[in-house]
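Right, one structure below, let's go through it.
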Amino acid sequence: MPSDEYYKIHDCIVRNGDYRLHTFVLDETITETLEALQAIAPDAPIETVERFCNEAFHNYLTGADFQ
């Protein structure tokens, strides 16, 4: 996968019983996001998965492209 075509992001998965919340975050904000999620739900297990996305989704996450 050419690195100039894809951006590294993280999928933070918060579990609560049968429910899962997937929140996709930029590589630059993973630490702050995990701290915030742990503060909100200290007993919920949080898993992070490294993923790669195209430019359109990256722009959506940064707010550079919106409708």
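The values are calculated or read from the model by the stated rules, or taken from the named source; none is laboratory data. What you are looking at is a predicted structure, and each value in this text was computed from that prediction instead of being measured. When we count neighbours, we look across all protein chains shown, and the Cβ atoms used for this are built from the backbone with ideal geometry, even at glycine.
Going by the structure shown, is Glu47 surrounded by 10 or more Cβ atoms within 10 Å (Cβ to Cβ), modelled with pLDDT of 95 or more, in a strand (DSSP E or B) and not basic (Lys, Arg)? Yes, satisfied.
The residue that is farthest from Asn59 (Cα to Cα), counting only those in region 15-32 that are not in a strand (DSSP E or B) and not charged (D, E, K, R), is Gly17. Answer with yes or no whether Asp27 is under 15 Å from the mean Cα position of the chain (by Cα) and of a type in the set (Asp, Glu). Yes: the conditions hold for Asp27.
Scanning region 34-55 for residues that are of a type in the set (S, T, N, Q) and free of Cβ contacts under 8 Å to residues at least 12 places away in the same chain returns a single hit, Gln38. Taking every residue in region 8-33 that is free of Cβ contacts under 8 Å to residues at least 12 places away in the same chain and pairing it with any residue that is assigned to a strand (DSSP E or B), at least 6 positions away or on another chain, the pairs with Cβ-Cβ distances below 6 Å are Arg20/Ile13; Leu21/Val14; His22/Asp11; His22/Ile13.
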